[in-house]
Structures are given as structure tokens and as C-alpha cells.
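Since the structure comes first, as C-alpha cells, the remarks are kept for the end.
Rule-based calculations on the coordinates, nothing more; no lab input. Computed from a prediction, not measured in an experiment: that's the story for all the values here. Methodologically, a virtual Cβ is constructed for each residue, glycine included, from the backbone with ideal geometry; neighbour enumeration extends over all protein chains shown.
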Amino acid sequence: MTQQRDRLCIAILALGGQGGGVLADWIQSVARSQGQLAQGTSVPGVAQRTGSTVYYVELAPMPADGRAPVLAQMPTPGDVDVVIASELMEVGRAMVRGFVSAERTTLIGSTHRIYAIAEKSAMGDGRADSSKILEAAAKRARRFVGFDMDAASARSGSVISSIMFGALAGSGALPFPREAFEDAIRASGVAVDSNLKGFAEGFDAARQPVAAPDEPAVPTPEPTTPFGQALAARIRARLPAAAHRNALLGVQRLMDYQDQAYAALYLERLERIAALDQPPHALTTETAAALALWMAYDDTIRVADLKTRASRAARVRGEVRVKNDQLLSVTEFMHPRLREICETLPAPIGRRLLHSTAAEKLLGRFFTKGRHVETTRLRWFLMLSLLAAMRPLRRSSLRYQEEQQRVEGWLAEIQARAPSQPDVALEVARCQNLIKGYGETFDRGLSSYAKILGFIRSGAPTADDIATLRRAALADEQGQALNAELNRLGAAA
Amino acid sequence: MAERSFKSEVRKLTAGEGDVFHGEGILAVTKALLQSGVAYVGGYQGSPISHLMDVFADANDLLESLDVHFEASASEATAAAMLAASVNYPLRGAVAWKSVVGTNVASDALSNVASGGVTGGAMIIVGEDYGEGSSIMQERTHAFAMKSQMWLLDPRPNLTSIVDMVEKGFELSEASHTPVMLELRVRSCHMTGSFVARDNRRPPLTVAQAAAAPVRDVERIVLPPANFLHEVEKVEKRWPAGVAFVRDNKLNETFGPDEGEIGLIVQGGLYNNLNRAMELLGLADAFGDSALPIYCLNVTYPLIPEEVTDFCRGKKAVLIIEEGQPEFIEHELNTLIRRAGLETRIVGKGPLPRAGEYAAHVIQKGLKSFLEEWSPKHAPAPAPVSAAPAPAAVTSLAAEVPARPAGFCTGCPERPIFTAMKMVERELGPSHVSADIGCHLFSILPPFNIGNTTMGYGLGAAGASAFKPKDRRAIAIMGDGGFWHNGLTSGVGNAVFNKNDTVTLVVDNGYSAATGGQDVLSSRADSKTRSTRNPIEKAARGVGVEWVRSIDRTYDLKRMKDALKEALTSPEKGPKVIIAQSECMLNKQRREKPLLRKAAQAGRRVSQDRFGVDPDTCTGDHSCIRLSGCPSLSIKPNPDPLRRDPVAHVDNSCVGCGLCGEVSHAAILCPSFYRARVVTNPGRWERFVNGLRQRIITTLQRGAERRLAARAF
């Protein structure tokens, strides 16, 4: 019995459809071309329908005496030389499953995210913490080669499997020359040119230090107009430094949304809060963002405005990658209800119409189905432009009145709590985040908000109570969690 | 047409004597069947054995040239019944399916063929879907082998052993007049490797020749008094013949030293994992040179009493490494040891876990604790493998890594069906939903969370049959695969006969999609070798359903919803069948994408859709995702610095199925979705009109920009 270990164990963690099988084939092909024995296994089945799946490859030198090595069919924790993971949470999964060891494992992983269904379908922000995975990867692997493979595949116009293959070659974890890897791609005969490009991209990236994907930071806006400069000066003079960025962003947003006077109203409201705030001025900072978002509520005028802008058309062209010789048409899916129309009308008319059964009978039938709004056609573009041009009339609309009333009610609650219970005031400020969306989503958010505000007004809630309620409001669409929490807290009070 | 083509690989199947064959496990098994001179093959697809059926199908020309008859059987029962051809005639035959579920379906025919016995070698290749990646209940095929008396082969997982065992299996079957099961574990099906080939053999007798000269032997038919004789024959003749063949041909193997105070008995299929575990414990090398005696059961049923007693004699204890439960082999070993009057202790479950897959690290742990108790001198020093990170650190990381359940593919036509169901559920309240087997079973997972039970393939409608409600009808789901497998009779026919008032929704995507896109009776594609285009609606009406609605575009949410609502509320009594038809997107894309690319390259007009989301109107509530779950509909960090919740985002894998738009209309969501239609090689007139429009729009936009600049910050 001889004690030696000259095999190489390679585990590939990929999602169904990412080409993990192709990568496993390439690795075996390069190993065989270099005179090694190679065995690959995978688990077929439902996991390949978008789930995460493991491919496993073992390489061993061809024995001189003809004795065949006994190869394993799945990775054994602590006995894996190379782990290749196609996505950051799969990197995490490889570590959780024990495949990554500090003694042995070269961990090659993409730092980009493909969000899992639970993260995507959360009613707020359900994303897992990427930094924890990156931190652990750096600590637990013998070596961690990490970069954004999705971006690399976009740069090279290739697929992620070729990037991973390049990264494997670039990492130097396998004792084969670069040309041998490239020959394996050529030998497979499929999309050779783009795969070689991807390979080169991955090869080079693997030789760079670990890079987390860059998240473009939005710069703090600088005023460019006299009125903008005046408001900016006012912010600097009257608001705490911590809140400057949000307030500048807020002012910019509201000038874009309505006009200069509306931005001034925003600052006036914000200053009321700032006057009651203490360092570190979290309340003013938080309110600066929340108030701006609330005051820039999404009404039909705003949506029409955003949908018809030139900058928007350019963004769409970039996103769908339209080439110059191709034509693009864009269709919006809008479902205006009678209510949205009433809300846009001057308040007295809108209110009367909204509560009139005759109007509902007469007009309701025009608003029962969704509209395919083709904004690249003149008819629809003109209609939306016209709607956007109603911006100066917004102040007289029913919705404007309703929203200003809600904003004032919310501010009053913050103001009432700020002097004695600043932490409660901060939580009240954060409740703005519950109100979002359109249609049913908006109604649901508003009703959750109203319930929580009612609870706050009826008793002496702690900041933790409100935070709990806010989380509960985002736990399910039916409001069951929120009602349960309200009952629990109500009973305790 | 199946998802994966083996057209190029099947050329390897012509390899002759002495050629080295490189390839996957399933191809090796196919080659072994041809080397064994099979006269007929059949089976039913299902992971991990789907590709075996695809290989058979793609190798049809070769099979025909060798006079081998191949059928894509309607069900596992059909396939098992095919083995009847080996009862009276010296025809070798093989059938394949996913086990244990397929064996369940086949068990009636299997009991019959096992009772009467066979003349020609009969082999059942079972893809054992156990352990990681499995989609079914965790049970053992071993029980079927025992109860019907079929021999169970579980060869060491390398292609040479597997191929040899196929060939020997046929001989064993013939020597003992008993059907033989070859257990192919999940990871062996797609394991790559090589073996030295032999020539393919033409069957000495073909099925056509057998049919031309019928043989009848009433003794082989299960009916009194023959059935009683069969039982006696089984134990008195076939059993001893089987045991003698396995022993004389040394189908089981021993490794390591001849003597020792302890020993290991292992199922052949687990041998490689055992060796890896021993290597990591310093008890074997990479080539299987073991410090402990090993008795490797390449035949796990029946056990060979004299081999067992020879191995156990003089040993204090023997560890049996047997995956799954109940631990049939362990029980049998204890009986054999007791009968032989040996004192050896049989150890198995205890040090080894009662449930779950025996991966190398599981065996490593069990073996270590066995050695500590029974042979401390072999027990390794503590911490044989790397110092693992502290459990607490792993747990906190585990909490961070989200589960990634399987789900519907991008653009899947089944998604809108469940979107419609979810929306109808909001309107009418929840119904009991009896689910079936197939891709559509993903509905039970997020984001749809629809479905209360699933009782097996094609049994969706049958699973709803107990519900005869007054007001609220139960809904049953069934795929086209399940419908033709048995759902037509067990579900739809049953509902007609019993005047059930349930709603059955048949998902007709044109393929047996979950198993890899094989054709079924109602597939829309023309097939040279099969009869397709037999409509489900015709079959349903044929068994007496009056209320049938076919919806030829599942993406039409409104029609889907209306049909469901009507079926749930219509005053009419009797079963309601909705047939929801749209082609499996995976197959459609594979078919259409190359054609579109070619058309675009040839300068023809090609129009392609995809969807997008405007991040500045998306408020990050993700209602749209909760009604879809499409992989291409994801989230991204909010580009708005004032907001924190991520916005919805459609990535470039979008195939433009249209559901996102339908959902935002039907559920009155938000105006953020847009459909972008990109036309490649547009016509001259189209270009002209578009140019004109663009110029006017750009002028208007300039005006708006001036107004925007006037109020700019």
C-alpha cells in the first residue's frame, strides 16, 4: 500500500443553464490531452431547471503499471483542490458544504449575484449580505480568485463557462500550459472564437487581485443654476452636515418633479424637523430622503413625464442593445383606472367624479382593461407628452391635496415625538418606505401605514415596536403578519 | 425531439473488439446491451435514466441494422410487460426506467414475469434516484427485488465493471430463469470513463422470428395451479441456480488481506466512496490497495451464504456499508451468521446513519467510529482531514446563503397558468389543488406556493377524486406526459365514471418536458418513427368529458383566468377539463434561435421582443416577481440614491414571452414594464416611417428638455 495523493479533485458549483457541464467536459479534455486520467460526474434532473447543481471532476496521472486508480463520484469535504463557483452565493454554498479548505483549495468564484427567488420576491430588500461571503472566501480558501465573471462575459461577448475555464487556467491550479486549455476549446468545435475570447478575459482576470463588483456611486449633486445655488446655500446654512447630501438630492428631485417653489416647500418642511434634531442628526438625514420621495409621489403626470424623456429612450436603447441598423419600438403596459384620472383632475371635480356612481357607470367601462401604450408611435407619445405638460396644474389636483395632507400628518407625528423620543421619531420617519407603487400595491402600503400610524397615535410605542411592525408589514401581502404583531402589541399595552 | 442529442455519441456504439470506448455511463450500458445480443429494448424516461432512452432513440438506425426492436414505452408498466417476450423465447431483452417510482408503476408486470420465470435473459435497468439531486421519495428498489425474487446487480462504479455486469447479468438471468435488475446510481449514469469494447452481437433470434413461430407453455402463465408451482420453483430451482452462478462466476469480489479481526462488506455501487473514505483515514491507497479485508457485493440480492460465512469466519466484527433503509442486507447477514453458528458481530446502522446518501465523508465518519470500537489499532489519529472551520462560523454563513429551489425556466409557458391560478385564488378564495409529477410541480415552491398534494405521475386528477364538494371545486393539475402515462384513465376516465365535479388542468407543452423533452402522443412535431399530433382534447372527449376548453396560448392571462373561473363556477356538473397549450420554451428556443440567427444573417426581416423595467418608476415592491418568478426577471441595486429597496430588472436572457406585460395589466401593478421590439433588417418603408416618427418625437423631446433645464438644480 503506497501513501501518495497525486490526483486533483475539482468541484464546479453552477446554476442550471450556466454551462457547468461544458466546463467539466473541457477540463477532462485538457487533462486527457496531457496524458492524465479524467473522470467527470454530475447529477442530472430537476436541479438543472434553474436550481444549483454540482459537477465533479477527478484527474489522476496515468499509472505506469496499468493499475487504475479508484476515483470518487462526488467531492469530499476537505479533499477538494479546486472549487469553481459561477456566482457569489454558490461560492458561499461551496464553503457551507465544506468543499473549501485552507490547506488545499484554490477557490475560483464569480463575485456577481444572481438573486434567489426569496431575495427577489421580498416586499422590500431581501438580499443576502455579499460582504460576508467575500470575507469568508478570503479567509477559508488556500487561495481565492474572485472577480465579476458576469461582467467579464459581457465584455468579451462570451458565456460564463469560458470565463471560468480561463480563470482556472489563469489561476495556475492545474499543471497544464495555457495552449492546452485553448486547444480543448478548439477541439470542442462550438463557438470557438467567442469562447477563446472569454477564456482570455478569464485568464487575465484571474491574475488580478480579488475585486468585488463595482457599484456605481451617485455623486452628490452640484447646483448649476442660480436658484439651485440659492437652495444649496440654504441647505448648508440651516441643515446639519449629515443631512446635506440627502437634502441636495431631495431638492434636485423636487425641482425636476415640479418646480423651484416646491423644492423650497420641501426645505421649509425639513428645517422644521432639523430644528428639533440632535447630533448625529439621523432624523434629519432620514427625513430628508423620505420626505423627498413622498413629495415626489408617482402620479400619472410624473409617469408620463418620465416615460417621454429623451434620456429614457436612450437608456432603453442601451439596455436592449439596439444596433444602429435595427429599429426599436417600445410598448408600455399601463392600466389607468378611473381613480387615477380623477386624482389628476382639479380637486373639486375629481372628488365629485370619484364619488359619483353615474360617472362610474358612464366612464368606468373605459378603464377596465390595460392599455398597450406604444411610446415610439406619435399618437401615444403626444398623449403622454400632453399629460406630462399638465405639470403646472398639479397643485390643484385631488391627489396633490391628498398627499400634502398625508405628508403634513406624518411630519406632525415626527415633530411631536422628536423632542422627547428621538428614536421613535426616527422610526416614524422610516415608515414612509411602506408607501410605494401603484394600484393595489399602493393601497396595501397605505393601509399598512395607516394601521401603524394609528397604533403609534393610540399609545406609547417604543422604537423597537415600530421597527417590528414595519418589518411585519413587509412580510406578506395579505397583512397577516402585521395584524398578528398589532394584536400582540395591542394586547401587551 | 429530446433536449439533448446523442447523435454524434451513438457513433461510438459501433466500436468493435479491443477498441477503447470513451464516454458516459449510459452510453456504456447501451454498448453493453448490444454486446450482449439483446433482441429488444424499451423503457420510460425519468432522471437519472432519461438519457438512456434518448441514446436508444438516437441510436435507432444502429438498433434497426442489428435487428434490435426499440420502443419508447407508454409507461414503466408497458416496458415491464414487454419482458413477456423473454418468457417463452430465448430472446434477450432490456427495459429501463427511473426507480423507485418507475418500479412502482411496473410492479404488476414485474411480479408476473418474475413468477413465471424467463427463458431469454431479461434485464431491468433501474436509474436509482436516491440522494443528492433526487426528486422523489427516498425508498429502495431492493425491496422489489426481494419480494418478486429478481436478482439485483449493483456493480462497482467504473465503466468496465458496469459493462461486464450487464453481460454477466444476462447469463445469470438465463441460468436461473429469473429477471435481473441492474441498479445504476445517479452519479454513474453520467460518469465519464472508458472500457475495452467487444463486438456488437446480432440477436441469435429476432422478435420477428419469434413472432413467426409462437410457443405456448401454460406452465409459465400465472393462474392456478401454475402460480403455486412457480413459488416452489423459485425457491427450489431458480434460487439455487442463481446463487451457484454468482458464486461460480465470482461476481462478488474481495479486496485487501485475506485475514483480519474485522472486515467490511460493501454494496458494489458504494465501493469507490468506501475506498476514498479509507484513503482519507490512511487505510487504503488511491488504487484500492486496502489494509482491511473487503467483501464487495456486486450482486446485492441474493446473498451467497458460503461466501458470507467464509468472509466472516474468524472475524470479531464486520461492518456492512448499506445505503438506505430498511437495512435488508444487514438483516440477512445476521440470519446467515446465526445459521452458520458464527460469533461475528454484524455492525451497520448505528455507526452509519440510518437515512441518507453514503457519500465518502459519511462512510469515513461511520468507519472511524466502527474501528474505534472494534479495532482501535486501525482507528486513525484524531482529525484526519483538514481542521474544519468552527461550526458556528459555518452556521452563520449558511444563514446567509439563500436556498435555490428549482423553478420554471425563462419564458416557461407553465408560469402564466399558475399566475392565473394565483390571481383567481385571490378573487374566489383558495381551492384544494392536487398536483402531479412534472415541471408544473414547481408551482408548489415560491413564488406561487400552489398545490396541496402529489400522489404520483399522472395521478393529479385521481388525487382530487375524494373531493366532491358542494360549492368549492377542487383543482387537479396534470401534464401531457402524465396524461398519456395513465392520467387519461386513472384520472379523467375515473372522474367521468364517478361523476366527479372537479376541474382538471392539463398542461400541454408538447413534450415530456421535465424528463428532457421527449415526444409524447400529443406532441406537435412530426416524427418519422412515432405517431404524434393526437390531441388531448379528443382523448378527453373520447372518454366522455363534456366540458373541455383548450387554450392555445397560455400567456393570455385573461383567457386563462376566465377559463379557470368558468370551470370553478359553472353550474354544469361533471368533470371540467382545461387544456392549456403552449410549447415548452426550452425546446422552442432550441428550435427557433438558430433559425432566427440564420434569417438575420441572410438579410431577412427578423423581429424579436424582450422586456425591460424603468428603474425610476419601479418602487421596489416586487409584486411582479411574486406573480412570476421568471429567472430573467430579477432585481438590481436601486440607482436612485434616495431609495434603498432594489428595483426589478429584466436581464438579457429574456425571451419576450409577454407574461410581464400581461401581469402588469391583469394585476394592475405598475407602469414600469416595457416591451422592446427590435427589428433586424427592416424594410425600406418601415425605415422611412420610423425615421419620420423619430424626428418629430426628438423635436418634442427637445422642447421638454428646455423646460426641464429651466427648472434645473
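Summarising the amide proton neighbourhood of B:Gly629: residues at separation of 5 or more, or on other chains, whose placed amide H is nearer than 5 Å comprise an empty set. Which angle between 0 and 90 degrees, to the nearest 10, do you get for helix B:391-400 versus the longest principal axis of chain B when only C-alpha atoms count? Roughly 40 degrees between the two axes.
Shielding value for A:312-320 is 5, the average number of Cβ atoms from other chains within 10 Å of each residue's Cβ. Fewest-first ordering of A:Val96, B:Val163 by other beta carbons within 10 Å of each residue's beta carbon gives A:Val96, B:Val163.
Between the amide H of B:Gly37 and those of B:Arg201, distances stay under 5 Å, these residues lying 5 or more places away or on another chain, with hydrogens modeled in the peptide plane. Less than 5 angstrom separates the built amide H of B:Phe70 from those of B:Val41, all sequence-distant by 5 or more or on a different chain. Computed on the Cα trace of the protein assembly as shown, the radius of gyration divided by the Kirkwood hydrodynamic radius gives Rg/Rh = 1.01. Quick one: helix B:328-340 against the long Cα principal axis of chain B, what's the angle to the nearest 10°, folded into 0 to 90? Helix B:328-340 sits roughly 10 degrees off the main axis of chain B. From least to most packed, judged by other beta carbons within 10 angstrom and beginning with the fewest, B:Tyr674, B:Tyr89 follow the order B:Tyr89, B:Tyr674.
From least to most packed, judged by other beta carbons within 10 angstrom and beginning with the fewest, A:His281, A:His372 follow the order A:His372, A:His281.
Residue by residue, region A:387-404 carries 3J(HN,Hα) couplings of 4, 5, 6, 6, 3, x, 8, 4, 4, 8, 6, 4, 4, 4, 4, 4, 5, 5 Hz when phi is fed to the Karplus relation 6.51 cos²θ - 1.76 cosθ + 1.60 (θ = phi - 60°); x denotes Gly or Pro. List the trypsin sites (Lys or Arg not before Pro) within region B:556-624 that DSSP assigns to loop and that have no more than 14 neighbouring Cβ atoms inside 10 Å. Within region B:556-624, the qualifying trypsin sites (Lys or Arg not before Pro) (loop, at most 14 other Cβ atoms within 10 Å) are B:Lys573, B:Arg604, B:Arg605. For chain B, the relative contact order works out to 9 percent when only alpha carbon pairs closer than 8 Å and six or more residues apart are counted. Relative to the dominant Cα principal axis of chain B, helix B:25-35 is inclined by about 50°. In region B:253-374, Cα pairs under 8 Å separated by at least six residues give a relative contact order of 30 percent. Whole-Hz Karplus values for region B:116-124 come out as x, x, 10, 9, x, x, 10, 10, 10 Hz, taken residue by residue from phi with 6.51 cos²θ - 1.76 cosθ + 1.60 and θ = phi - 60°; glycine and proline positions read x. Distance between the C-alpha centres of region B:290-311 and region B:435-450: 44 Å, rounded to the whole angstrom.
The trypsin sites (Lys or Arg not before Pro) found in region A:185-221 that occupy coil by DSSP, while having at most 16 further C-beta atoms within 10 Å, are A:Arg207. Dividing the summed -39500 (n - 2.57) terms of all DSSP H runs of n ≥ 4 by the residue count of chain B sets its mean residue ellipticity at 222 nm at -10500 deg cm²/dmol. A simple rule links phi to the HN-Hα coupling: the Karplus curve 6.51 cos²θ - 1.76 cosθ + 1.60 with θ = phi - 60°, which for region B:276-281 gives 5, 4, 5, 4, 5, 9 Hz, with x for Gly and Pro. Between region A:400-422 and region B:166-194, how many Å separate their Cα centres? What the calculation gives is 76 Å, centre to centre.
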